[in-house]
Amino acid sequence: MITLLTDFGLQDIYVGVMKGIIKTINPDIDIIDLTHDIPPQNISAASFALANSVDFFPDDTIHLAIVDPTVGSDRKIVAIAFEKGYIICPNNGIITGVLNRYQPQQIYELTNSNYWLNQSPSNTFHGRDIFAPMTAYLSKGIGLKTLGHNLNKEDLVILDDIYPIIKEKEIIGSIQYIDTYGNLITNITAKMLENKYW
(Lines give C-alpha, C1' and ligand atoms only; values in the text may rest on other atoms or scores of the structure.)
Protein backbone atom coordinates (compact mmCIF):
# COMPACT_ATOMS: atom_id res chain seq x y z
CA MET A 1 0.00 0.00 0.00
CA ILE A 2 1.10 3.56 -0.73
CA THR A 3 -0.24 6.69 0.99
CA LEU A 4 0.09 10.17 -0.47
CA LEU A 5 0.44 13.36 1.59
CA THR A 6 1.03 16.66 -0.23
CA ASP A 7 0.19 20.34 -0.31
CA PHE A 8 -0.80 20.09 -3.99
CA GLY A 9 -4.57 20.33 -3.52
CA LEU A 10 -6.93 18.55 -5.92
CA GLN A 11 -7.91 21.30 -8.35
CA ASP A 12 -4.84 20.65 -10.53
CA ILE A 13 -3.62 17.49 -12.26
CA TYR A 14 -0.53 16.95 -10.09
CA VAL A 15 -1.88 14.26 -7.76
CA GLY A 16 -3.61 12.40 -10.57
CA VAL A 17 -0.45 12.37 -12.67
CA MET A 18 1.59 10.93 -9.80
CA LYS A 19 -0.99 8.19 -9.30
CA GLY A 20 -0.88 7.42 -13.01
CA ILE A 21 2.90 6.98 -12.89
CA ILE A 22 2.72 4.76 -9.80
CA LYS A 23 0.01 2.58 -11.35
CA THR A 24 1.90 2.33 -14.64
CA ILE A 25 4.92 0.90 -12.81
CA ASN A 26 2.94 -1.19 -10.30
CA PRO A 27 -0.69 -1.74 -11.42
CA ASP A 28 -1.45 -3.93 -8.40
CA ILE A 29 -0.61 -1.42 -5.67
CA ASP A 30 -3.32 0.24 -3.56
CA ILE A 31 -3.02 4.02 -3.21
CA ILE A 32 -4.66 5.98 -0.40
CA ASP A 33 -4.86 9.78 -0.30
CA LEU A 34 -3.93 10.76 3.22
CA THR A 35 -4.42 14.46 2.43
CA HIS A 36 -3.49 16.93 -0.28
CA ASP A 37 -4.63 19.97 1.69
CA ILE A 38 -1.57 20.63 3.83
CA PRO A 39 -1.23 24.45 3.84
CA PRO A 40 1.19 25.38 1.04
CA GLN A 41 4.84 24.81 2.04
CA ASN A 42 3.93 24.18 5.69
CA ILE A 43 6.45 21.52 6.66
CA SER A 44 5.45 21.54 10.35
CA ALA A 45 1.82 20.74 9.49
CA ALA A 46 2.97 17.95 7.16
CA SER A 47 5.19 16.50 9.87
CA PHE A 48 2.28 16.53 12.34
CA ALA A 49 -0.14 14.91 9.90
CA LEU A 50 2.31 12.21 8.91
CA ALA A 51 3.30 11.36 12.48
CA ASN A 52 -0.33 11.04 13.53
CA SER A 53 -1.24 8.76 10.62
CA VAL A 54 1.42 6.05 10.27
CA ASP A 55 0.13 3.91 13.15
CA PHE A 56 -3.19 3.33 11.39
CA PHE A 57 -1.83 1.57 8.32
CA PRO A 58 -0.60 -1.98 7.79
CA ASP A 59 3.05 -2.80 8.28
CA ASP A 60 5.18 -2.25 5.16
CA THR A 61 3.04 0.64 3.96
CA ILE A 62 5.02 3.20 1.95
CA HIS A 63 4.17 6.79 2.88
CA LEU A 64 5.03 9.34 0.20
CA ALA A 65 5.05 12.82 1.76
CA ILE A 66 5.76 15.84 -0.44
CA VAL A 67 5.75 19.36 0.95
CA ASP A 68 8.81 20.72 -0.76
CA PRO A 69 9.43 24.49 -0.71
CA THR A 70 12.98 24.01 -2.05
CA VAL A 71 12.12 21.69 -4.95
CA GLY A 72 14.77 21.91 -7.65
CA SER A 73 17.54 22.78 -5.18
CA ASP A 74 20.26 20.49 -3.86
CA ARG A 75 18.10 19.27 -0.97
CA LYS A 76 18.11 15.48 -0.70
CA ILE A 77 15.26 13.09 -1.45
CA VAL A 78 15.29 10.38 1.20
CA ALA A 79 13.68 7.05 2.02
CA ILE A 80 13.51 5.97 5.64
CA ALA A 81 12.68 2.42 6.68
CA PHE A 82 11.14 2.19 10.14
CA GLU A 83 9.15 -0.28 12.20
CA LYS A 84 5.83 0.37 10.42
CA GLY A 85 7.09 0.66 6.85
CA TYR A 86 8.77 3.33 4.74
CA ILE A 87 8.61 7.07 4.28
CA ILE A 88 9.80 8.80 1.12
CA CYS A 89 10.11 12.57 1.41
CA PRO A 90 12.32 15.59 0.86
CA ASN A 91 14.95 15.95 3.56
CA ASN A 92 13.47 19.12 5.01
CA GLY A 93 12.02 18.09 8.37
CA ILE A 94 8.80 16.34 7.33
CA ILE A 95 10.11 13.20 9.03
CA THR A 96 10.58 14.94 12.42
CA GLY A 97 7.30 13.84 14.03
CA VAL A 98 7.76 10.20 13.01
CA LEU A 99 11.35 10.15 14.30
CA ASN A 100 10.06 11.43 17.62
CA ARG A 101 8.24 8.09 17.97
CA TYR A 102 10.23 5.59 15.89
CA GLN A 103 13.90 4.91 15.32
CA PRO A 104 14.92 4.72 11.66
CA GLN A 105 16.19 1.30 10.61
CA GLN A 106 17.63 2.40 7.27
CA ILE A 107 18.10 5.83 5.68
CA TYR A 108 18.86 6.24 1.99
CA GLU A 109 19.22 9.16 -0.35
CA LEU A 110 17.39 8.28 -3.57
CA THR A 111 19.88 9.10 -6.31
CA ASN A 112 19.72 6.31 -8.90
CA SER A 113 18.34 8.15 -11.93
CA ASN A 114 17.68 4.83 -13.70
CA TYR A 115 14.52 4.70 -11.56
CA TRP A 116 13.39 8.26 -12.29
CA LEU A 117 10.73 9.00 -14.88
CA ASN A 118 13.44 10.56 -17.06
CA GLN A 119 17.06 11.65 -16.81
CA SER A 120 16.19 15.36 -16.90
CA PRO A 121 13.60 15.93 -14.17
CA SER A 122 11.59 19.13 -13.99
CA ASN A 123 12.87 21.73 -11.53
CA THR A 124 9.34 22.18 -10.17
CA PHE A 125 7.70 18.74 -10.27
CA HIS A 126 9.95 16.19 -8.60
CA GLY A 127 6.74 14.54 -7.39
CA ARG A 128 6.12 13.34 -10.92
CA ASP A 129 9.67 12.78 -12.13
CA ILE A 130 11.43 11.35 -9.05
CA PHE A 131 9.18 10.73 -6.02
CA ALA A 132 6.35 8.83 -7.74
CA PRO A 133 8.50 6.43 -9.80
CA MET A 134 10.93 5.77 -6.93
CA THR A 135 7.99 5.00 -4.62
CA ALA A 136 6.46 2.67 -7.20
CA TYR A 137 9.69 0.76 -7.71
CA LEU A 138 10.13 0.37 -3.96
CA SER A 139 6.60 -1.06 -3.80
CA LYS A 140 7.61 -3.62 -6.45
CA GLY A 141 10.45 -4.87 -4.26
CA ILE A 142 13.38 -2.88 -5.64
CA GLY A 143 15.62 -2.46 -2.59
CA LEU A 144 16.77 0.82 -1.12
CA LYS A 145 20.39 -0.11 -1.84
CA THR A 146 19.52 -0.19 -5.53
CA LEU A 147 17.64 3.11 -5.43
CA GLY A 148 20.35 5.15 -3.71
CA HIS A 149 23.05 5.27 -1.08
CA ASN A 150 23.09 5.06 2.70
CA LEU A 151 22.85 8.09 4.99
CA ASN A 152 23.19 8.51 8.75
CA LYS A 153 20.49 9.77 11.10
CA GLU A 154 22.59 12.89 11.60
CA ASP A 155 22.09 13.70 7.91
CA LEU A 156 18.34 14.16 8.40
CA VAL A 157 16.94 17.67 8.82
CA ILE A 158 14.94 17.96 12.05
CA LEU A 159 12.44 20.74 12.82
CA ASP A 160 13.04 22.76 15.98
CA ASP A 161 9.45 23.90 16.56
CA ILE A 162 8.03 20.43 17.21
CA TYR A 163 9.26 20.49 20.81
CA PRO A 164 7.89 22.96 23.39
CA ILE A 165 10.13 24.84 25.78
CA ILE A 166 9.33 23.73 29.34
CA LYS A 167 10.29 26.14 32.13
CA GLU A 168 9.64 26.00 35.86
CA LYS A 169 6.26 27.73 35.69
CA GLU A 170 5.45 27.97 32.01
CA ILE A 171 5.43 26.05 28.77
CA ILE A 172 6.11 27.83 25.50
CA GLY A 173 4.61 25.86 22.66
CA SER A 174 3.44 26.38 19.12
CA ILE A 175 0.45 25.47 16.98
CA GLN A 176 1.34 22.45 14.85
CA TYR A 177 -1.87 22.06 12.87
CA ILE A 178 -5.25 23.67 12.26
CA ASP A 179 -7.89 21.19 11.13
CA THR A 180 -10.98 21.76 8.99
CA TYR A 181 -13.10 22.44 12.09
CA GLY A 182 -10.78 25.20 13.28
CA ASN A 183 -9.23 23.18 16.09
CA LEU A 184 -5.77 24.48 16.97
CA ILE A 185 -3.50 21.55 17.79
CA THR A 186 -0.39 22.48 19.74
CA ASN A 187 2.77 20.61 20.67
CA ILE A 188 1.83 20.86 24.35
CA THR A 189 0.51 17.50 25.51
CA ALA A 190 -1.97 16.82 28.30
CA LYS A 191 0.77 15.08 30.26
CA MET A 192 2.85 18.25 30.25
CA LEU A 193 -0.07 20.10 31.86
CA GLU A 194 -0.21 17.73 34.83
CA ASN A 195 2.54 19.67 36.63
CA LYS A 196 1.13 21.09 39.85
CA TYR A 197 2.63 24.52 39.21
CA TRP A 198 0.49 25.40 36.20
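The values are calculated or read from the model by the stated rules, or taken from the named source; none is laboratory data. No experiment lies behind these values; they were computed from the predicted model shown. When we count neighbours, we look across all protein chains shown, and the Cβ atoms used for this are built from the backbone with ideal geometry, even at glycine. What goes into the accessible areas is simple: the full protein's heavy atoms, side chains included, and nothing from ligands, DNA or RNA. Shrake-Rupley method; radii C 1.70, N 1.55, O 1.52, S 1.80 Å.
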Taking Lys191 as the anchor, which lysines have their alpha carbon closer than 19 Å to its alpha carbon, excluding any fewer than eight residues away along the same chain?
Lys167, Lys169
Return the FRET efficiency for the residue pair Thr70, Ala190: r is the Cβ-Cβ distance, R0 is 35 Å, and the value is rounded to the nearest 0.05.
0.50
Taking a probe of 1.4 Å and leaving out DNA, RNA and ligands, the range 69-108 shows per residue an accessible area in Å² of 36
I need the GluC sites (Glu not before Pro) found in the range 82-161, filtered to DSSP loop residues with at most 16 other beta carbons within 10 Å of theirs.
Glu83
So which lysines pass the test for Lys140, namely a Cα distance under 28 Å, with those fewer than 8 places away in the same chain ruled out?
Lys19, Lys23, Lys76, Lys84, Lys153
Global geometry of the range 1-153, whether rounded, prolate or oblate, following the gyration tensor of its Cα atoms and the 1.5 cut on a/c:
rounded
Starting from the Cα-Cα distance between Lys167 and Asn123, subtract it from 0.36 nm times their residue separation and give me the gain in nm to one decimal.
11.4 nm
So how far apart, in nm, are the two label points at Asn152 and Ser174 if each is 7 Å from Cα heading toward Cβ?
2.6
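Within 10 Å, count the other beta carbons around each residue, average over each peptide in 133-142, 57-66, 178-187, and list them highest first. If you can, show how the numbers build up before the last one.
Working: 133-142: 20.8, 57-66: 19.3, 178-187: 10.3.
Taking the mean over residues of other Cβ atoms within 10 Å, the ranking is 133-142, 57-66, 178-187.
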Determine the share of the chain's accessible area contributed by carbon and sulfur atoms, expressed in whole percent, with a 1.4 angstrom probe.
49
